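For reference, the structure discussed in these notes is given below.
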Amino acid sequence: MTTPSPTDTAPQPGFLAWLRFTLLWLALVGLLYPLVTTLAAGSLFPRQANGSLIEQGGKVVGSALVGQTFTGDTYFIGRPSAAGAGYDPMGASGSNLAVSNPALRERAQASAKEIAAREDVAASQIPVDLLTASGAGLDPHISPAGAELQVARVARARGLDAAQVRALVAANTETGALGLGQPGVNVLRLNLALDAAR
């Protein structure tokens, strides 16, 4: 004859105990924790918590975190976007096309031909970030090489010295948090700085 173990004889919690436990954790993790983190973020990092919005003349012109479509010779042009009709936060996604996909290859070749003609360079000189969309399709940055490729065109179209345009590129080049990650040029900030430099 075996002796029952303590766990066999211990009273098992009933349904109400489990329900109280679930409601407690739901309140803590589902309500209290998000409330505390949201209030802390709003207090410690108000600009970032509100979308890193960029204002000009009291009017919101965009976010430092989301790219915008720019056209024309007077502006730097960002990465292609696969998000909706272009940089649509509600349609954020990559193209999900593999490198081997003929549609991606055709799109990249068409973009390379267009950029080569616009910038008056060989297609082999075009940095890859100007030909490919980011994972979410919202990236507001281009590489310093992608910006350098466009300096001559923008300087010529605006009647500015190339060195002056390069200085604005450098002033709007960012690195990741704590200096980690690849440097990137924020296209919206750069184009706004160009407009202000007229």
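The values are calculated or read from the model by the stated rules, or taken from the named source; none is laboratory data. Just so we're clear, the structure is a prediction, and the values are computed from it rather than from any experiment. Cβ placement follows ideal geometry from the backbone for every residue including glycine, while neighbour counts extend to all protein chains displayed. In case anyone asks, the SASA skips ligands and DNA or RNA and just uses the protein heavy atoms, side chains included. Shrake-Rupley method; radii C 1.70, N 1.55, O 1.52, S 1.80 Å.
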Worksheet item: Within region 9-16, is even one residue modelled with pLDDT of 75 or more and in a strand (DSSP E or B)?
Response: no
Original post:
Quick check: is even one residue across region 143-150 more than 18 Å from residue 70 (Cα to Cα) and of a type in the set (D, E, K, R)?
Top reply: no
Subset of region 185-198, residues out of contact with any His (no Cβ under 8 Å at 6 or more places or on another chain) and either part of a helix (DSSP H, G or I) or touching a residue at least 60 places away in the same chain (Cβ under 8 Å) (or both), comes to 188, 189, 190, 191, 192, 193, 194, 195, 196
Flagged in region 117-142 as in contact with a Leu (Cβ under 8 Å, 6 or more places away or on another chain) and in contact (Cβ under 8 Å) with a residue 24 or more places away in the chain, in numbering order, are 119, 121, 125, 130, 138, 140, 142
Within region 53-62, the count of residues that are of a type outside the set (A, V, I, L, M) and either closer than 25 Å to residue 120 by Cα or surrounded by 15 or more Cβ atoms within 10 Å (Cβ to Cβ) (or both) comes to 1
Selection over region 63-116 where residues are open to solvent by 40 Å² or more (accessible area, probe 1.4 Å), closer than 17 Å to residue 143 by Cα and free of Cβ contacts under 8 Å to residues at least 24 places away in the same chain yields a count of 1
When every residue in region 143-170 that is in contact with a strand residue (DSSP E or B) (Cβ under 8 Å, 6 or more places away or on another chain) and not in a loop (DSSP other than H, G, I, E, B) is compared, the one surrounded by the most Cβ atoms within 10 Å (Cβ to Cβ) is 147
Note to self: Can you find a residue that is buried (at least 18 other Cβ atoms within 10 Å of the Cβ) and out of contact with any His (no Cβ under 9 Å at 6 or more places or on another chain) anywhere in region 174-184?
What the structure shows: no
For region 171-183 the number of residues that are small (Gly, Ala, Ser) and either assigned to a helix (DSSP H, G or I) or at pLDDT 90 or above (or both) is 3
Considering only region 121-132, I want to know if a residue exists there that is within 26 Å of residue 192 (Cα to Cα), at pLDDT below 90 and either open to solvent by 50 Å² or more (accessible area, probe 1.4 Å) or not aliphatic (A, V, I, L, M) (or both). yes
Residues in region 103-120: is at least one over 13 Å from residue 80 (Cα atoms), hydrophobic (A, V, I, L, M, F, W, C), touching a strand residue (DSSP E or B) at 6+ places or on another chain (Cβ under 8 Å) and part of a helix (DSSP H, G or I)?
-> no
Considering region 133-142, residues that are aliphatic (A, V, I, L, M) and part of a loop (DSSP other than H, G, I, E, B), and then whichever is surrounded by the most Cβ atoms within 10 Å (Cβ to Cβ), we arrive at 138
